[in-house]
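Contents: one structure, followed by commentary.
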């Protein structure tokens, strides 16, 4: 993802400040990121162009579901983003679990996230979009800041506070 730093920066900032307001964007970005991360393993893709096309397709599918079938989008993409963020955080950032444990971590994160979104949609959307935005932004900083976990929590806190303040009348 760091091959496109401007796109990652823009996506991360949008998720931090407007993840709840722009639900369709959150779902589209989630689909795209999951596609980029996992499509090469699922579909045995060797071409970057094919990877981008599949990921864009997942993102567009997510946006369409978010607009027309919000309930389905909540469960499907809540599951995907929860699995993606938990496995990224525990494996890529903290190195606590090896790649062999990734399917189980993805499944656990997905289930927790989907249930969280189904029960408390607004706050779950704020928390998940802030965490996903924070992961994207902290990924950009690995070259100049040696502690991406700390930066992730700083960005996450900024996102939750910003969205809570911007949406305080609706929560």
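Restricting to segment 13-22, what's the tally of residues that are in a helix (DSSP H, G or I) and surrounded by 22 or more Cβ atoms within 10 Å (Cβ to Cβ)?
If we filter segment 13-22 for residues that are in a helix (DSSP H, G or I), which is where we start, we get 13-18.
Next, only the ones that are surrounded by 22 or more Cβ atoms within 10 Å (Cβ to Cβ) stay: 15-16.
Residues flagged as in a helix (DSSP H, G or I) and surrounded by 22 or more Cβ atoms within 10 Å (Cβ to Cβ) within segment 13-22 amount to 2.
Listed here are the residues, each with its yes/no results for (1) in contact (Cβ under 8 Å) with a residue 24 or more places away in the chain; (2) farther than 16 Å from residue 37 by Cβ; (3) not in a helix (DSSP H, G or I).
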| site | (1), (2), (3) |
| --- | --- |
| 73 | yes, yes, no |
| 83 | yes, no, no |
| 97 | no, no, yes |
| 103 | no, no, no |
| 110 | yes, no, no |
| 114 | yes, yes, no |
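Of all the residues that make up segment 128-169, how many are free of Cβ contacts under 8 Å to residues at least 60 places away in the same chain, under 18 Å from the mean Cα position of the chain (by Cα), surrounded by 15 or more Cβ atoms within 10 Å (Cβ to Cβ) and over 20 Å from residue 95 (Cα atoms)?
Number satisfying all stated conditions: 1.
To keep it simple, each residue is scored yes or no on (1) assigned to a helix (DSSP H, G or I); (2) touching a residue at least 60 places away in the same chain (Cβ under 8 Å); (3) out of contact with any strand residue (DSSP E or B) (no Cβ under 6 Å at 6 or more places or on another chain); (4) surrounded by 16 or more Cβ atoms within 10 Å (Cβ to Cβ).
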site	(1), (2), (3), (4)
29	yes, yes, yes, yes
38	yes, no, yes, yes
41	yes, no, yes, no
46	no, no, yes, no
53	yes, no, yes, no
65	yes, no, yes, yes
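Could you tell me whether any residue of segment 96-103 is out of contact with any helix residue (DSSP H, G or I) (no Cβ under 6 Å at 6 or more places or on another chain) and surrounded by 20 or more Cβ atoms within 10 Å (Cβ to Cβ)?
Start the filter on segment 96-103 by keeping residues that are out of contact with any helix residue (DSSP H, G or I) (no Cβ under 6 Å at 6 or more places or on another chain), which leaves 98-101, 103.
After this cut, where a residue has to be surrounded by 20 or more Cβ atoms within 10 Å (Cβ to Cβ) as well, the list is none.
No, the conditions are met nowhere in segment 96-103.
How about segment 141-171: which of its residues are in contact with a helix residue (DSSP H, G or I) (Cβ under 6 Å, 6 or more places away or on another chain) and over 24 Å from residue 24 (Cα atoms)? It would help to see each step written out before you state the result.
Kept after step one, since they are in contact with a helix residue (DSSP H, G or I) (Cβ under 6 Å, 6 or more places away or on another chain), are these residues of segment 141-171: 141-142, 145, 148-149, 151-152, 155-156, 159-160, 162-163, 171.
Answer for segment 141-171, where residues must be in contact with a helix residue (DSSP H, G or I) (Cβ under 6 Å, 6 or more places away or on another chain) and over 24 Å from residue 24 (Cα atoms): 141, 142, 145, 148, 149, 151.
Name the residues in segment 1-12 that are in contact (Cβ under 8 Å) with a residue 60 or more places away in the chain and not in a loop (DSSP other than H, G, I, E, B), would you? Please lay out each step first, then the result.
Of segment 1-12, the ones in contact (Cβ under 8 Å) with a residue 60 or more places away in the chain are 1-2, 5, 8-9, 11-12.
Listed by number, the residues that qualify are 5, 8, 9, 11, 12.
Residues being surrounded by fewer than 23 Cβ atoms within 10 Å (Cβ to Cβ), farther than 18 Å from residue 91 by Cα and touching a helix residue (DSSP H, G or I) at 6+ places or on another chain (Cβ under 6 Å): count how many of those fall in segment 108-125.
3
Going by the structure shown, is residue 79 modelled with pLDDT of 80 or more, within 14 Å of the chain's Cα centre (by Cα), assigned to a helix (DSSP H, G or I) and buried (at least 21 other Cβ atoms within 10 Å of the Cβ)?
Numbers: modelled with pLDDT of 80 or more: yes; within 14 Å of the chain's Cα centre (by Cα): yes; assigned to a helix (DSSP H, G or I): yes; buried (at least 21 other Cβ atoms within 10 Å of the Cβ): yes.
For residue 79, the condition - modelled with pLDDT of 80 or more, within 14 Å of the chain's Cα centre (by Cα), assigned to a helix (DSSP H, G or I) and buried (at least 21 other Cβ atoms within 10 Å of the Cβ) - is met.
Only residues that are over 20 Å from residue 37 (Cα atoms) and at pLDDT below 85: list them for segment 48-66, please.
Pass one, segment 48-66, residues over 20 Å from residue 37 (Cα atoms): 64-66.
Once the filter is applied, which keeps residues that are over 20 Å from residue 37 (Cα atoms) and at pLDDT below 85, segment 48-66 yields 65, 66.
Taking only segment 125-170 into account, find how many residues are under 24 Å from residue 75 (Cα atoms) and modelled with pLDDT under 85.
Step one: of segment 125-170, the residues under 24 Å from residue 75 (Cα atoms) are 125-136, 156, 159-160, 163-164, 167, 170.
If we keep only those that are modelled with pLDDT under 85 as well, we get 170.
Qualifying residue count, segment 125-170: 1.
The values are calculated or read from the model by the stated rules, or taken from the named source; none is laboratory data. From a predicted model like this one, the values you see are computed outputs, not experimental measurements. We place every Cβ from the backbone using ideal geometry, glycine too, and count neighbours over all the protein chains shown.
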